[in-house]
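The values are calculated or read from the model by the stated rules, or taken from the named source; none is laboratory data. Everything numeric in this text was worked out from a predicted model, so none of it was measured. As a convention, Cβ positions derive from the backbone with ideal geometry for all residues, glycine included, and neighbour counts pool all protein chains shown. With ligands, DNA and RNA removed, areas are computed over all heavy atoms of the protein, side chains included. Shrake-Rupley method; radii C 1.70, N 1.55, O 1.52, S 1.80 Å.
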Amino acid sequence: MQVRYAMKLFAPLDSLPDTAHAIDIDTTFKSGAVQSCKARTLRSSLKQWNMFHAVIDYDGFEGAADHLHVTQSTISHAVAKLQEQLGIALLELKGRKAQITAEGLCLLERSRELVRHANALEALADTLRQGLGPEVRVAMDPGFPSDLLIQATRQCSSSLPDMRLSVSEVTPDGARGALHAGEFDIVIGAQPVLGFAADFLLEVEHIAVAHPAHPLFSGKRDITHDELNTHSQVVIAPAQHGNGTGMAEAAPHHPGSWRVCNPERAIGILRQGVGYAWLPRFQVQPALDARHLRLLPMAGARHHRTRLYLMCAQSVVVGSVARQFADALHLCSERCHQAGAGQA
């Protein structure tokens, strides 16, 4: 599956040149021609404007210093130098609090736009340096809600509409091998991979279901796990990637098990009266509501939960397109987690 998407680009301005050149065109015309065209050295730097914005956005020099992880004197010196270079006051002290002047307010939004464009330019250069191109490659556990992937894509759709998202469903072993091989930028899986930071996304509840006419419902007592082992199980087994061994080795083996690539196909098979399956509740709930499937009356644990984590390839750095999409996935998953989606 491929989805077109866009990323909001941001890269920290660690160090930028203090000077640049701009074209200053004299608008005095003689004989319909431009009178002069001269290069002018800029007096301010993007880094200075970035610190000025932080003072406004984070309620003073102390908040700006905390946000940018620098000392207050660094912020104070940068803003003072900026005001000196421009020849106007951007801030004025009232008591112990810095407040923006009318001139500062006039320049604020224009300078914000300048910094945003510079951030986007640096992030694009960073993406080109990594050789990632416009594609972000995502491998995900079949239990991860695809709705969250779509929400994250929509959240990032305003900045770069030409970007593409490539998505694959993989097994835990396949995800591990793909990460080490660098086949994916982002992996969403149930098993953290050694050597990669694993950030928790959300918990997914799995329940055992079957067709209402399945023989497992013939008795009037709860079903034991030993009884399940005597019936065919429909198992989700996505395609293998990297050096993974595939779900055939990762999942428990039962006689007559039927291995399919995604939950939708599993539900279709179950609706024909074949086997039972442990599936994410959020995916199977519509079939339960329509009475096409039924929850198995299990003895003991009637469900189990899977914690899903997000891991990024080592090539994914702060400010890159892939990192921005990962941040969007985090935000959408956090909202889902708080709302209780995909859980009991």
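Please verify whether Ala326 is within 25 Å of Gly273 (Cα to Cα), open to solvent by less than 70 Å² (accessible area, probe 1.4 Å) and either among the hydrophobic types (A, V, I, L, M, F, W, C) or under 14 Å from the mean Cα position of the chain (by Cα) (or both), treating the condition exactly as stated. Spell out the reasoning first.
Details: within 25 Å of Gly273 (Cα to Cα): no; open to solvent by less than 70 Å² (accessible area, probe 1.4 Å): yes; either among the hydrophobic types (A, V, I, L, M, F, W, C) or under 14 Å from the mean Cα position of the chain (by Cα) (or both): yes.
Taking the combined requirement at face value, the residue does not satisfy it.
Could you list, ordered by first residue, the pairs with Cβ atoms under 9 Å in which the first is in region 45-68 and modelled with pLDDT of 90 or more and open to solvent by less than 50 Å² (accessible area, probe 1.4 Å) and the second is acidic (Asp, Glu) and not in a helix (DSSP H, G or I), at least 6 apart or interchain?
Gln48/Asp18
State whether one or more residues within region 320-341 are at pLDDT 90 or above, over 27 Å from Arg137 (Cβ atoms) and of a type in the set (A, V, I, L, M, F, W, C).
No, region 320-341 contains no residue that is at pLDDT 90 or above, over 27 Å from Arg137 (Cβ atoms) and of a type in the set (A, V, I, L, M, F, W, C).
Exactly one of (1) open to solvent by 80 Å² or more (accessible area, probe 1.4 Å); (2) not in a helix (DSSP H, G or I) is unmet by Arg110. Its number?
It is condition (2) that Arg110 fails.
What pairs come out if I take residues in region 165-177 that are part of a strand (DSSP E or B) and pair them with residues that are among the hydroxyl-bearing types (Ser, Thr, Tyr) and crowded, with 24+ Cβ neighbours inside 10 Å whose C-beta lies under 9 Å away, six or more apart or interchain?
Leu165/Tyr5
In this structure, does Gly219 turn out to be at pLDDT below 85 and open to solvent by 10 Å² or more (accessible area, probe 1.4 Å)? Break it down stepwise before answering.
Details: at pLDDT below 85: yes; open to solvent by 10 Å² or more (accessible area, probe 1.4 Å): yes.
Against the criterion (at pLDDT below 85 and open to solvent by 10 Å² or more (accessible area, probe 1.4 Å)), Gly219 qualifies.
Every residue in region 142-184 that is among the acidic types (Asp, Glu) and either farther than 18 Å from Val321 by Cβ or modelled with pLDDT of 90 or more (or both), please.
Just the residues of region 142-184 that are among the acidic types (Asp, Glu), to begin with: 147, 162, 169, 173, 183.
Across region 142-184, the qualifying residues are Asp147, Glu169, Asp173.
Let me spell it out: the conditions are (1) of a type in the set (S, T, N, Q); (2) open to solvent by less than 10 Å² (accessible area, probe 1.4 Å); (3) in contact with a His (Cβ under 7 Å, 6 or more places away or on another chain), and Ser168 meets all of them except one. Which number is the exception?
Among (1) of a type in the set (S, T, N, Q); (2) open to solvent by less than 10 Å² (accessible area, probe 1.4 Å); (3) in contact with a His (Cβ under 7 Å, 6 or more places away or on another chain), the lone unmet condition for Ser168 is (2).
For region 180-203, name all the residues that are part of a loop (DSSP other than H, G, I, E, B) and either buried (at least 24 other Cβ atoms within 10 Å of the Cβ) or of a type outside the set (Val, Ile, Thr) (or both). Write out each step before concluding.
As a first pass, look at region 180-203 and keep what is part of a loop (DSSP other than H, G, I, E, B): 182-185, 190-197.
Correct list: Gly182, Glu183, Phe184, Asp185, Ala190, Gln191, Pro192, Leu194, Gly195, Phe196, Ala197.
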